[in-house]
Amino acid sequence: MGKTFKIGILGAGWIAGKMAETVAAMDGYEIFAVASRSLEKAQAFASKWNICKAFGSYEELVSEKEIDMIYIATPHSHHYQHTKLAIEHGKPCLVEKAFTANAREAKDLLEFAKKRNVFVTEAIWTRYMPLSHKIKELLENGAIGEPRLLSASLCYPLEDKERITNPALCGGALLDVGVYVLNFARMYFGNNVVKTVTNCQLGETEMDMQESISLSYADGKMANLQAGARCLNDRQGIISGTEGYIRVDNVNCPERVEVYRNYSLVETYLKPENMISGYEYQVMESRRCIESGLLESPMMPHAETISVMQQMDSLRKEWGVVYPMDKQY
Ligand SMILES: NC(=O)c1ccc[n+]([C@@H]2O[C@H](COP(=O)([O-])OP(=O)(O)OC[C@H]3O[C@@H](n4cnc5c(N)ncnc54)[C@H](OP(=O)(O)O)[C@@H]3O)[C@@H](O)[C@H]2O)c1
């Protein structure tokens with residue numbers, strides 16, 4: 001039996017629970033410790049998920065010697081501060097999306113990690129999933145001829161959630177769900193965007209509640225994206241080419257991919273039968289990178305994380321969506 005890979009969870013909220021549930025079903029991995037700002041909350045979380053250690057402060061977690069990696073599961077607004085704390089203690093990090101509040105924070109954090117020789121990657125889970133890689137392979141192999149047009153849509157009814165309405169928590173739909181449709185387009189159409197046209201509706205606190213984003217690429221491709229916090233939708237992605245189209249269900253966690261030619265379904269690919277939740281792939285890739293001495297993952301290079309943040313900065317600028325962190329220079 002090889003060594004168990006020990007993970008520490010920083011922040012005992014919703015996604016932290018999903019990660020604990022996932023890791024509990026993975027062989028060779030363990031959530032070794034959890035930290036919350038409240039010791040009682042950490043202890044309740046630890047007892048629910050059978051976790052060895054519970055800490056009432058994030059500082060104690062990052063000082064724990066036995067941990068191989070820290071999973072940063074706090075709101076986007078706090079990723080910079082919490083990841084920096086972990087890196088200062090030499091701990092590799094898997095950081096939830098959106099990576100930081102803005103590109104300035106992302107660059108600063110990634111430079112800091114590189115200087116300290118510490119691995120960091122963004123937990124944009126879609127990038128690490130087997131079916132995401134399958135879609136790329138299908139496109140490269142000409143399954144739909146020459147890809148030309150892409151659409152992707154992701155909306156959840158979240159408008160009453162504080163993390164969506166509060167600027168101090170980096171509210172809005174873009175950083176919460178829009179980041180997925182942007183990544184979907186970037187994974188398959190790249191980032192050589194020559195024109196962006198958008199429409200956005202702001203909520204009462206001036207955060208973006210729903211948006212449409214149309215991108216034109218230098219090579220003539222086009223992507224039409226929708227994201228929002230005001231409704232529940234089909235979460236579909238469709239990539240159309242000269243000979244057919246690929247339908248993806250869904251864009252943040254691909255579970256079913258269908259290839260159509262001449263309007264007929266010709267191939268179907270499903271998520272792996274042994275998939276736990278989909279969150280396991282980013283954990284396995286992080287371990288692979290850490291054990292190989294890499295400082296970033298080729299599945300989500302640092303330059304790409306920064307570029308996504310830059311794209312979101314310019315969209316927010318156009319819409320007038322401002323966070324307190326944007327003003328801290
Ligand atoms: N990949 C996915 O599918 C997915 C899904 C949902 C969310 N996410 C991402 O995961 C991150 C957390 O989202 P979540 O839904 O888990 O949020 P959540 O339930 O609100 O949990 C966030 C946790 O962060 C900690 N925290 C530290 N400072 C905080 C502050 N000032 N305000 C609020 N919480 C603070 C809290 O933990 P303690 O009280 O224990 O310290 C809180 O429970 C976000 O970046 C989000 O985008 C990803």
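The values are calculated or read from the model by the stated rules, or taken from the named source; none is laboratory data. Everything numeric in this text was worked out from a predicted model, so none of it was measured. Neighbour counts run over all protein chains shown; Cβ positions are idealised from the backbone, glycine included. Side chains included, ligands, DNA and RNA excluded: accessible areas come from the protein's heavy atoms. Shrake-Rupley method; radii C 1.70, N 1.55, O 1.52, S 1.80 Å.
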Of all residues in the stretch 1-27 being over 13 Å from G278 (Cα atoms) and open to solvent by 70 Å² or more (accessible area, probe 1.4 Å), the one that is nearest to the ligand (Cβ to nearest atom)
W14
Take the conditions touching a residue at least 40 places away in the same chain (Cβ under 8 Å), surrounded by fewer than 22 Cβ atoms within 10 Å (Cβ to Cβ), more than 30 Å from I246 (Cβ to Cβ) and not hydrophobic (A, V, I, L, M, F, W, C) and apply them to K107. Does it pass?
yes
For R127, are the conditions met, namely being of a type in the set (K, R) and assigned to a helix (DSSP H, G or I)?
yes
From the list N141, N102, N117, N166, pick out the single residue that is out of contact with any helix residue (DSSP H, G or I) (no Cβ under 7 Å at 6 or more places or on another chain) and outside the structural domain of V257 (by TED's automatic domain parsing).
N117
Which one is nearest to H78 (Cα to Cα), of the residues in the stretch 159-179 that are within 11 Å of the ligand (Cβ to nearest atom) and open to solvent by 20 Å² or more (accessible area, probe 1.4 Å)?
L169
Would you be able to say whether some residue in the stretch 205-213 is farther than 24 Å from D249 by Cα, open to solvent by less than 10 Å² (accessible area, probe 1.4 Å), within 16 Å of the ligand (Cβ to nearest atom) and assigned to a strand (DSSP E or B)?
yes
Go through the stretch 262-289 and count every residue that is part of a helix (DSSP H, G or I) and within 13 Å of M19 (Cα to Cα).
5
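Yes/no matrix, rows are residues, columns are (1) surrounded by fewer than 19 Cβ atoms within 10 Å (Cβ to Cβ); (2) more than 25 Å from S151 (Cα to Cα); (3) modelled with pLDDT of 95 or more:
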residue: E258; (1), (2), (3): yes, no, yes
residue: N262; (1), (2), (3): yes, no, no
residue: T268; (1), (2), (3): yes, no, yes
residue: E291; (1), (2), (3): yes, yes, yes
residue: L294; (1), (2), (3): yes, yes, yes
residue: M299; (1), (2), (3): no, no, yes
residue: A303; (1), (2), (3): yes, no, yes
If I filter the stretch 185-198 for residues that are within 14 Å of the ligand (Cβ to nearest atom) and not in a strand (DSSP E or B), do I get at least one hit?
no
In the stretch 122-158, what count of residues is obtained for those that are within 19 Å of the chain's Cα centre (by Cα), closer than 30 Å to L295 by Cα and either among the small types (G, A, S) or away from the ligand (no atom under 13 Å from the Cβ) (or both)?
8
Identity of the residue in the stretch 180-190, free of Cβ contacts under 8 Å to residues at least 60 places away in the same chain and open to solvent by less than 20 Å² (accessible area, probe 1.4 Å), that ends up farthest from C231 (Cα to Cα)
F189
Take the conditions farther than 30 Å from E162 by Cβ, open to solvent by 60 Å² or more (accessible area, probe 1.4 Å) and of a type in the set (G, A, S) and apply them to A223. Does it pass?
no
Matching residues in the stretch 81-94 (open to solvent by less than 50 Å² (accessible area, probe 1.4 Å), of a type outside the set (K, R) and at negative phi) number 8
Selection from the stretch 89-121 of residues more than 13 Å from the ligand (Cβ to nearest atom), more than 20 Å from R288 (Cα to Cα) and under 14 Å from the mean Cα position of the chain (by Cα) yields A106
